[in-house]
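Taken together, the values in this text are just the output of simple stated rules run on the coordinates, not laboratory data. Computed from a predicted structure; not experimentally measured. Note that we place each Cβ from the backbone using ideal geometry, even for glycine, and neighbour counts take in every protein chain shown.
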Amino acid sequence: MNIKRLLVIVGPTGCGKTDLSIRLAQHYGAPILSTDSRQFYRGMAIGTAQPTTDQLQTAEHHFIASHDITDDLSCGQYEVLALKRLQELFAHHEQVIAVGGSGLYVRALCEGMDDLPHADETLRAELTERLRRDGVAALAEELRELDPVYYETVDRCNPARVLRGMEVCLQTGRPFSEFRTGIKKERNFQIVKVGLTLPRKELYARIDRRVDAMMAAGLEAEARTLYPHRALNSLQTVGYRELFDYFDGRTTREEAIERIKRNSRRYAKRQMTWFRRDPEIRWFAPDEDELIIRHLDLVD
């Protein structure tokens with residue numbers, strides 16, 4: 001029996017992961033499964049750089065605009081749903097391509113997540129409102145008191161991660177770090193990881209150009225339709241938060257655009273820090289298709 005393979009493509013925002021995944025999907029005749037934690041949601045096509053209509057028609061995609069913004073698909077929930085979908089896809093395909101830059105969701109798919117308590121919806125709503133009102137830095141400071149171990153490792157600029165840590169601490173009365181075992185779960189398929197990288201100056205220039213393209217494509221209008229739901233966890237992300245501040249009169253439109261660019265660059269830097277810690281990732285430039293395919297074909 002042939003061993004099924006999951007080809008995982010990771011890297012920072014704006015580096016060309018989507019384009020490469022489609023080229024590889026065409027080469028291998030493989031479907032694509034998204035590991036981008038914001039591309040799951042409908043109504044956020046521009047701000048999350050979801051594949052275009054043409055790209056979606058070029059290759060079979062899964063977990064793109066598959067959920068409502070109110071669904072709040074956690075890493076644990078994604079693990080369950082994605083593994084079930086993979087089982088279905090592997091029934092007809094030897095290989096599936098997973099692509100995205102959300103490190104925790106990539107880990108959930110490849111290694112599994114620790115068993116955490118289900119969210120208390122009342123507590124989550126309260127913390128989400130506090131996040132909107134006081135900002136992520138205030139919650140992070142409280143998290144430092146509740147769980148100094150997790151505080152030292154968490155991305156304190158990531159609202160979703162800080163909020164989840166706070167939620168577990170308050171819900172259980174125990175530090176979030178006590179629930180994290182770090183034990184990998186077995187998978188019945190082979191995993192091969194490819195990372196895309198660019199010189200920092202080139203990557204940052206691409207990010208800036210992409211933000212300008214998003215604004216030209218209607219990101220502001222998209223954000224205005226989402227504004228009434230701005231407290232939702234799915235909308236605590238770069239591109240929307242800055243425009244929501246502009247709508248609230250806290251910044252000018254020009255300042256909002258510059259902050260989107262700045263925060264996107266900072267996010268890219270955090271992504272690279274996260275993925276560089278994974279020794280299983282083999283790194284390439286985005287246009288090194290021949291080398292990437294050769295690497296994928298040689299991996300046993």
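A few notes on this one:
- Its Cα gyration tensor gives the stretch 73-138 an equivalent ellipsoid; the semi-axes, largest first and in whole Å, are 32, 14, 10.
- At 0.692 mPa s and 37 °C, Stokes D of the stretch 146-248 from Kirkwood alpha-carbon radius, µm² per second: 188 µm²/s
- A simple charge model with +1 on the Cβ of Lys and Arg, -1 on the Cβ of Asp and Glu and nothing else charged puts the dipole of the chain at about 580 debye relative to its Cα centre.
- Unit charges on C-beta of K, R, D, E only; dipole of the stretch 97-203, Debye: 560 debye
- The GNM of the chain, with springs linking C-alpha atoms under 10 angstrom apart, assigns the highest mean-square fluctuation among ASN188, ASN233, ASN263 to ASN188.
- Taking each residue as 0.36 nm, the span from GLU178 to ARG282 lengthens on full extension beyond its C-alpha to C-alpha distance by 34.3 nm.
- Total lysine pairs whose alpha carbons fall under 17 Å of each other in the stretch 151-289 (8 or more apart, or interchain): 5
- Think of each Lys and Arg Cβ as +1 and each Asp and Glu Cβ as -1; about the Cα centre, that makes the dipole of the stretch 204-300 roughly 540 debye.
- Angstrom value of the Kirkwood radius, inverse mean 1/r, which spans all Cα pairs in the stretch 188-253: 14.3 Å
- In range of the label at GLU145: residues from the stretch 153-171 whose backbone nitrogen is under 18 Å from the point 7 Å along Cα→Cβ: 162-171
- Calculated FRET efficiency for the pair HIS229/LEU170, C-beta based, R₀ 30 Å, to 0.05: 0.80
- Scattering curve values for the chain, log₁₀ I(q)/I(0), Debye with Cα scatterers, q = 0.15 Å⁻¹: -1.29
- Working from the Cα coordinates of the stretch 235-300, the gyration tensor eigenvalues give, after taking √(5λ), semi-axes of 38, 12, 9 Å in decreasing order.
- Applying 0.36 nm per residue to the separation of PHE247 and SER66 and subtracting their alpha-carbon distance, the gain on full extension is 62.4 nm.
- Between the residues PHE189, SER234, ILE9, the greatest Cα displacement towards the positive end of the dipole of the chain, with unit charges on the Cβ of Lys, Arg, Asp and Glu, is found for ILE9.
- Where only DSSP H runs of four or more residues are counted, the chain gives -16000 deg cm²/dmol as its mean residue ellipticity at 222 nm, each run worth -39500 (n - 2.57).
- Computed FRET value (nearest 0.05) for GLU88 with LYS185, which takes r as the C-beta separation and R₀ as 30 Å: 0.95
- The calculated FRET efficiency for GLU255 paired with ILE293, based on their beta-carbon distance and R0 = 41 Å, is about 0.40.
- Top positive-direction residue, dipole computed over the chain with Cβ charges, set VAL106, ALA140, PRO279: PRO279
- Label-reachable residues, the stretch 154-170, where backbone N falls under 17 Å from a point 7 Å from GLU129's Cα toward its Cβ: 167
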